[in-house]
Amino acid sequence: MPTQWKRSPEELHKTYIANTEAFYRTAGHGLAEQMDEFCVSCALQLFARGSGLGQEHADAVNALYSRGRPKPSWLLWSLTTAVGESGQFLPPLFFWNLTEQDARRGTDSSRVFVRMLTNILLCLAAVDDDVTYAEAEYITECADKLNALCDGAGVKKGKPGLRAADFVTSAEPSFLEKNPPRTAAANGPARGQAQDKAAGETAAEKPDLDALMAELDELVGLEQVKKDVKSMMNLVKVRQLRKEAGLPVPPLSLHMVFMGNPGTGKTTVARLISGLYAAIGALSKGQLVEVDRSGLVAGYVGQTAIKTQEVIASALGGVLFIDEAYSLASGGENDFGREAIETVLKAMEDHREDLVVIAAGYTGPMEKFLNSNPGLESRFNKYIFFEDYDGEELNAIFHGQCKKNGYELDEEAEAYSKEFFDALYAGRDENFGNGRDVRNQFEDMVVRQANRVAALEKPSKEDLVRFTKADFLPEEADSSKASL
């Protein structure tokens, strides 16, 4: 049944602007960047509840940008990957600040935000002309969590928002139910797993140990990391066997520190570890909850502990991955990041049997972070170092992206690819992004190849899948003169 909320990309952008501008009038346009990023994150989580993904979903995400902000450039293949890896809803940091501001001033900007977000999410849910029960449930969950924060801060009541359940048009299975993740390491058990119809109970499947180990082995490079992970697995498995045999087991901390530059696979390995530990029974669920400072720290005294505790609760049974963890200790003695550290340390002690915390970041800052609090040094006793990928490994990662997405290189591009990534590695600086740089290069090449092929009168199938040397460089660059 069609829905009244369906919008074209152009109409959706106008709706987004109309709603956000109404919010900016009370809260300030300085929140535009955070707002856009937050709404895109919500869109990914919402689409995971929808019945499928198509080009209309990519077009919809590309419509989510405020005035004066750059337009996103999502492609369907990258959107599909991001939706499959989308996490749980967490209120944005600026919303916590808004509630306190409203409580002091007697305003209701945070209530306006909730109504605005509900409108935007309903339009996003309807881009395929269908609003499912699962999508309505997600929208209601978002509104309820945000309104609860308003209530807790004492923000005055505003006019009620729309009820998403009133606009449901079907009960189609969700995208994740139709396309379950390859492993439970990605985001924990998917909604709607197979049910035992006789008992009427959900059958929670453990992650496949062999499949996860194979996925670990398939990662490019990271040889020492793989050895360290396998060694930890062996230690935990033997400990489990001793426990089952009634033998004494020494205390064991599973918490870890990942040190290395961005794009070296830290998050990927953390996801695999969460699934591996669940597969051998060391964790009950195996989900990965990924946060950074903004996901733990609030803007006012007392709120950080509450916010951090909510994140920890969502991670119980799995892995809490804190990216750029050193930023929690970067402020002074009164910085709220220290409150988050203390809350995490307490949880590590209270839930030692069913929670693993992985703190990650650059090597130098992480060493300072661990020295900032005696409790950190005592609870994090396993360190894994992630080296930069060399040129050969970067090239291998690039070819993996090509294979995964159905692209091939012609002979000249094949030769140039090795030269290109060797030069990328040799010229790296403090901003070197490792695998992220490869992914960005691949996405840029997809756009350049599309522009080139679109200009052909009758492109062949070979044209559609083939990269040439010209696709490696920006169109304005003269590749024949460019030197690496």
Requested in this report: Count, please, the residues in the stretch 40-93 that happen to be assigned to a helix (DSSP H, G or I), under 23 Å from residue 169 (Cα atoms) and hydrophobic (A, V, I, L, M, F, W, C).
Outcome: 10
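Just one of 362, 407 is over 23 Å from residue 298 (Cβ atoms), of a type in the set (Ser, Thr, Tyr) and not assigned by TED's automatic domain parsing to the domain that holds residue 233; which is it? I'd like the intermediate steps shown before the answer.
Details: 362 fails: not assigned by TED's automatic domain parsing to the domain that holds residue 233.
Residue meeting the stated conditions: 407.
When you look at residue 111, is it within 22 Å of residue 306 (Cβ to Cβ) and either crowded, with 20+ Cβ neighbours inside 10 Å or among the hydroxyl-bearing types (Ser, Thr, Tyr) (or both), yes or no? Walk me through it before giving the result.
On the way: within 22 Å of residue 306 (Cβ to Cβ): yes; either crowded, with 20+ Cβ neighbours inside 10 Å or among the hydroxyl-bearing types (Ser, Thr, Tyr) (or both): yes.
Answer is yes for this residue.
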Query raised in the report: Since residue 23 meets every condition but one in (1) farther than 27 Å from residue 97 by Cα; (2) surrounded by 19 or more Cβ atoms within 10 Å (Cβ to Cβ), which condition does it not meet?
Result: (1)
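Would a scan of the stretch 164-187 turn up a residue that is in contact with a Pro (Cβ under 8 Å, 6 or more places away or on another chain), modelled with pLDDT of 75 or more and over 30 Å from residue 391 (Cα atoms)? It would help to see each step written out before you state the result.
Looking only at the stretch 164-187, we keep the residues that are in contact with a Pro (Cβ under 8 Å, 6 or more places away or on another chain), and these are 169, 183-185, 187.
Cutting the leftovers down to modelled with pLDDT of 75 or more gives us 169.
Narrowing further to those that are over 30 Å from residue 391 (Cα atoms): 169.
Within the stretch 164-187, one or more residues are in contact with a Pro (Cβ under 8 Å, 6 or more places away or on another chain), modelled with pLDDT of 75 or more and over 30 Å from residue 391 (Cα atoms).
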Requested in this report: Give the number of residues within the stretch 32-68 that are of a type in the set (Lys, Arg) and either in contact with a strand residue (DSSP E or B) (Cβ under 8 Å, 6 or more places away or on another chain) or not assigned by TED's automatic domain parsing to the domain that holds residue 164 (or both).
Outcome: 1
Report task. Kindly list the number of the only condition in (1) farther than 24 Å from residue 362 by Cβ; (2) modelled with pLDDT of 90 or more that fails for residue 481. Result -> (2)
Report task. Determine which single condition residue 5 fails, assuming it passes every other condition in (1) over 21 Å from residue 94 (Cβ atoms); (2) part of a helix (DSSP H, G or I); (3) touching a helix residue (DSSP H, G or I) at 6+ places or on another chain (Cβ under 8 Å). Result -> (2)
Query raised in the report: Among the residues of the stretch 407-457, how many are farther than 26 Å from residue 222 by Cβ and in contact (Cβ under 8 Å) with a residue 60 or more places away in the chain?
Result: 1
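Take residue 353 and tell me if it is over 25 Å from the mean Cα position of the chain (by Cα), outside any helix (DSSP H, G or I) and not β-branched (Val, Ile, Thr).
Numbers: over 25 Å from the mean Cα position of the chain (by Cα): yes; outside any helix (DSSP H, G or I): yes; not β-branched (Val, Ile, Thr): yes.
So residue 353 passes the test.
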Query raised in the report: Do we find that residue 295 is out of contact with any Lys or Arg (no Cβ under 6 Å at 6 or more places or on another chain), under 24 Å from residue 342 (Cα atoms), part of a helix (DSSP H, G or I) and of a type outside the set (Ser, Thr, Tyr) in this structure?
Result: yes
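Please work out which residue is farthest from residue 350 (Cα to Cα), limiting yourself to the stretch 219-262 and to residues that are of a type in the set (D, E, K, R) and either modelled with pLDDT of 90 or more or outside the structural domain of residue 279 (by TED's automatic domain parsing) (or both). Don't jump to the end; show me each part of the working.
Initial filter on the stretch 219-262 (of a type in the set (D, E, K, R)): 223, 226-228, 230, 237, 239, 242-244.
Checking the rest, the ones that are also either modelled with pLDDT of 90 or more or outside the structural domain of residue 279 (by TED's automatic domain parsing) (or both) come to 223, 226-228, 230.
Working: 223: 34, 226: 29, 227: 29, 228: 26, 230: 26 Å.
Residue satisfying both the conditions and the ranking: 223.
The values are calculated or read from the model by the stated rules, or taken from the named source; none is laboratory data. Small disclaimer: the values here were computed from a predicted structure and weren't measured. Please note: Cβ atoms are built from the backbone with ideal geometry, for glycine as well, and neighbour counts cover all protein chains shown.
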